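Asks: The structure under discussion is supplied below as structure tokens; questions concerning it will follow.
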Ligand code: G6P
């Protein structure tokens with residue numbers, strides 16, 4: 001949570017900082033701010049509460065431009081310590097205003113540090129944990145240390161997780177940064193260099209990046225990048241290239257990123273399958289570099305939408321490979337007493353690759369010697385460095401806070417894993433594997449058909465939510481995790497209480513919610529126990545529910561019974577959850593837009609959660 005950005009070089013710093021913040025805004029939008037070094041040796045600091053547009057307005061309204069600016073830092077905030085206010089907005093200044101700091105993460109010992117600093121005469125202006133860093137730095141700068149020296153010493157005093165960037169008025173043209181767990185990358189330019197919480201922030205300026213490992217710090221100027229290890233020792237590291245182009249993070253004619261990313265799903269699935277599925281049905285996951293033949297058990301750890309993908313993964317792995325699968329919410333798993341042995345494969349799913357709880361769950365799984373496979377969308381992310389093997393979903397950057405295209409790509413990646421496990425264990429005949437490969441290859445087309453079908457019928461379904469005060473999503477078997485994901489999408493972006501439930505279990509509780517203000521969204525399709533689901537839906541109708549049926553267009557009975565239909569392409573079992581997901585994403589999007597909400601930046605949420 002929170003995004004940080006830094007620039008050194010003097011060509012265009014305010015532009016880079018603002019563009020970087022724009023692309024990091026998904027990480028938090030409670031407030032935003034920047035600090036730049038001015039020609040006269042001072043700082044200019046601008047901070048505004050609310051989304052980035054408030055800061056943009058402040059920048060635009062500033063008289064006379066910024067003049068020559070040699071370096072700067074910026075921040076977009078997801079509040080942890082101290083409510084959103086201008087006082088709590090970053091950057092924070094040290095005593096005397098000669099040093100400015102931005103921070104992502106939580107400094108766990110900030111109260112003790114704050115008490116000590118107050119006793120030494122420092123005055124605090126905010127309630128944040130970050131401000132201690134600004135004062136600790138200024139204390140050392142006043143004692144004659146350089147910014148990199150002071151920074152290295154202060155990092156050693158901090159407990160918790162952080163990525164911090166700082167500038168000093170006395171060291172023009174230099175930004176110093178460091179991290180522990182929270183993400184930070186260096187972007188390499190010509191005569192200018194950059195820092196950011198994530199690669200997408202800098203794609204408009206460079207495609208060459210350098211990883212900063214946990215515990216390291218980095219000093220950037222226009223001409224130089226110096227990495228140092230925890231003891232101050234210089235570190236040499238090769239840069240890496242990122243293929244994503246800047247257009248991938250533009251709207252390209254769509255009204256919002258969610259809509260764009262929903263429509264990119266056929267491409268996301270195709271890219272994730274590309275080169276991994278031979279004509280003969282043989283899955284090629286050699287890139288993962290893990291020998292899967294000894295796998296006796298699988299544990300999936302993940303959060304949010306990725307957890308739902310994990311539930312679908314369980315279904316496919318158990319069905320194809322006959323290996324027992326446990327799917328655990330990472331924030332719970334990390335504090336459990338995990339059971340396993342070296343024959344357990346731990347599959348950690350994380351779009352961002354930086355969710356703190358998922359990383360901690362991976363660490364917990366290490367206690368029994370399990371090998372870790374990361375399924376992630378982010379090359380070079382923290383999880384790729386923790387894992388023994390990596391399976392990338394290749395969707396391109398996902399900007400909308402609510403995950404869409406990365407979910408379907410995760411499911412497809414897990415299906416490939418299930419097929420590969422089945423092949424290694426000999427649990428499916430070659431012909432069946434070939435069939436599955438053919439089915440999966442159809443997925444992009446079926447998703448595309450579904451997008452087109454739903455577009456024409458969404459309005460009626462959305463209208464059922466005008467007076468809604470809650471909503472139930474019902475599915476059985478493989479449609480049940482989809483129901484959970486549909487409910488999550490609706491909650492996240494329309495703020496409507498929603499529950500996903502196994503259709504058969506609904507009569508043991510949620511049925512009490514049913515009346516005409518609680519629409520029921522029911523999932524039908526091949527292999528999802530259609531008849532049984534139908535009976536359950538009739539039970540809700542008998543209690544006044546209005547039903548949205550998500551079903552193939554030729555399912556007459558589902559259509560007749562329902563107040564609205566969201567049609568999906570008919571699809572085989574390997575593709576059913578993918579096509580059922582699409583209408584639920586579009587429904588959530590439609591309901592949220594109808595309520596006038598910002599679908600890309602739902603309140604209180606952040607795209608990647610780098611705190612516990
Ligand atoms: C946050 C996001 C969700 C996401 C979850 C896990 O809660 O708002 O959309 O599913 O984190 O994120 P990850 O990057 O680990 O997949």
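The values are calculated or read from the model by the stated rules, or taken from the named source; none is laboratory data. What you see is a predicted model, and the numbers here were worked out from it, not measured in a lab. Cβ placement follows ideal geometry from the backbone for every residue including glycine, while neighbour counts extend to all protein chains displayed.
Asks: Consider segment 378-394. How many of its residues are at pLDDT 95 or above and either under 30 Å from residue 603 (Cβ atoms) or within 9 Å of the ligand (Cβ to nearest atom) (or both)?
Replies: Of the residues in that region, 1 qualify.
Asks: I would also like to ask the following. How many residues, within segment 432-455, are in contact (Cβ under 8 Å) with a residue 40 or more places away in the chain and over 30 Å from the mean Cα position of the chain (by Cα)? Full working, then the answer.
Replies: As a first pass, look at segment 432-455 and keep what is in contact (Cβ under 8 Å) with a residue 40 or more places away in the chain: 433-451, 453-455.
Checking the rest, the ones that are also over 30 Å from the mean Cα position of the chain (by Cα) come to 433-435, 438.
Summing the residues that are in contact (Cβ under 8 Å) with a residue 40 or more places away in the chain and over 30 Å from the mean Cα position of the chain (by Cα) in segment 432-455 gives 4.
Asks: Mind checking whether some residue in segment 217-224 is under 23 Å from residue 106 (Cβ atoms) and modelled with pLDDT of 95 or more?
Replies: The initial filter retains those residues of segment 217-224 that are under 23 Å from residue 106 (Cβ atoms), namely 217-218.
Next, from what is left, pick out any that are modelled with pLDDT of 95 or more: 217-218.
Yes - at least one qualifying residue is present in segment 217-224.
Asks: Testing residue 96 on (1) surrounded by fewer than 20 Cβ atoms within 10 Å (Cβ to Cβ); (2) under 23 Å from residue 20 (Cβ atoms); (3) touching a residue at least 12 places away in the same chain (Cβ under 8 Å), one condition comes back false. Which one is that?
Replies: So residue 96 meets the others, but not (2).
Asks: Which one is surrounded by the fewest Cβ atoms within 10 Å (Cβ to Cβ) among residues in segment 314-330 that are over 19 Å from residue 294 (Cβ atoms) and touching a residue at least 60 places away in the same chain (Cβ under 8 Å)? Spell out the reasoning first.
Replies: Filtering segment 314-330 for residues over 19 Å from residue 294 (Cβ atoms) gives 314-316, 319, 327-330.
From what is left, the residues that are touching a residue at least 60 places away in the same chain (Cβ under 8 Å) are 315-316, 319.
Working: 315: 22, 316: 24, 319: 14.
Going through the qualifying residues, I end up with 319.
Asks: How many residues, within segment 380-396, are in contact with a helix residue (DSSP H, G or I) (Cβ under 7 Å, 6 or more places away or on another chain) and part of a helix (DSSP H, G or I)?
Replies: Counting residues in segment 380-396 that are in contact with a helix residue (DSSP H, G or I) (Cβ under 7 Å, 6 or more places away or on another chain) and part of a helix (DSSP H, G or I) gives 3.
Asks: Output the number of residues of segment 408-443 satisfying the condition of being closer than 22 Å to residue 310 by Cβ, in contact with a helix residue (DSSP H, G or I) (Cβ under 8 Å, 6 or more places away or on another chain) and crowded, with 18+ Cβ neighbours inside 10 Å.
Replies: So the count comes out to 19.
Asks: Quick check on segment 325-345. Is at least one of its residues closer than 13 Å to residue 417 by Cβ and within 19 Å of the chain's Cα centre (by Cα)? Spell out how you get there, then give the answer.
Replies: From segment 325-345, those closer than 13 Å to residue 417 by Cβ are 325, 345; that's our starting set.
Still in the running and within 19 Å of the chain's Cα centre (by Cα): none.
The answer is no, given that none of the residues of segment 325-345 is closer than 13 Å to residue 417 by Cβ and within 19 Å of the chain's Cα centre (by Cα).
Asks: Continuing with the same structure: Consider only pairs whose beta carbons are under 8 Å apart and that are at least six residues apart or on different chains; among these, list those whose first residue lies in segment 483-508 and is over 12 Å from residue 470 (Cβ atoms) and modelled with pLDDT of 95 or more and whose second residue is within 16 Å of the ligand (Cβ to nearest atom) and part of a strand (DSSP E or B).
Replies: Within 8 Å, the pairs are 483/500; 484/500; 485/500; 486/498; 486/500; 488/498; 488/500.
Asks: Still on this structure: Would you confirm whether or not segment 410-417 contains a residue that is within 13 Å of the ligand (Cβ to nearest atom), outside any helix (DSSP H, G or I) and modelled with pLDDT of 95 or more?
Replies: no
Asks: If I filter segment 585-604 down to residues being buried (at least 18 other Cβ atoms within 10 Å of the Cβ) and in a loop (DSSP other than H, G, I, E, B), which single residue comes out as modelled with the highest pLDDT? Break it down into steps so the answer makes sense when it comes.
Replies: Pass one, segment 585-604, residues buried (at least 18 other Cβ atoms within 10 Å of the Cβ): 585-593, 599-602.
Checking which are in a loop (DSSP other than H, G, I, E, B) leaves us with 599-602.
Details: 599: 94, 600: 91, 601: 87, 602: 90.
Applying the filter and picking the extreme gives 599.
Asks: So, one more: For segment 589-602, give me each residue that is within 27 Å of residue 79 (Cβ to Cβ) and more than 12 Å from the ligand (Cβ to nearest atom). Spell out how you get there, then give the answer.
Replies: Let us first name the residues in segment 589-602 that are within 27 Å of residue 79 (Cβ to Cβ), namely 589, 591-593, 595-602.
Scanning segment 589-602 gives 589, 591, 592, 593, 595, 596, 597, 598, 599.
Asks: Suppose we filter segment 548-563 for residues that are surrounded by 22 or more Cβ atoms within 10 Å (Cβ to Cβ) and either in contact with a helix residue (DSSP H, G or I) (Cβ under 6 Å, 6 or more places away or on another chain) or closer than 14 Å to residue 460 by Cβ (or both); how many remain?
Replies: Qualifying residue count, segment 548-563: 5.
Asks: Restricting the search to segment 371-389, which residues are within 21 Å of residue 316 (Cα to Cα) and surrounded by 24 or more Cβ atoms within 10 Å (Cβ to Cβ)? Quick ask: steps written out before the conclusion?
Replies: First, pick out the residues of segment 371-389 that are within 21 Å of residue 316 (Cα to Cα): 371-377, 389.
The answer is 373, 374, 375, 376, 377.
Asks: Regarding residue 333, is this residue touching a strand residue (DSSP E or B) at 6+ places or on another chain (Cβ under 8 Å), modelled with pLDDT of 95 or more, surrounded by 13 or more Cβ atoms within 10 Å (Cβ to Cβ) and under 19 Å from residue 354 (Cβ atoms)?
Replies: Details: touching a strand residue (DSSP E or B) at 6+ places or on another chain (Cβ under 8 Å): yes; modelled with pLDDT of 95 or more: no; surrounded by 13 or more Cβ atoms within 10 Å (Cβ to Cβ): yes; under 19 Å from residue 354 (Cβ atoms): yes.
It is false that residue 333 is touching a strand residue (DSSP E or B) at 6+ places or on another chain (Cβ under 8 Å), modelled with pLDDT of 95 or more, surrounded by 13 or more Cβ atoms within 10 Å (Cβ to Cβ) and under 19 Å from residue 354 (Cβ atoms).
Asks: Considering only residues of segment 474-491 that are within 13 Å of the ligand (Cβ to nearest atom) and surrounded by fewer than 24 Cβ atoms within 10 Å (Cβ to Cβ), which is nearest to the chain's Cα centre (by Cα)?
Replies: 488
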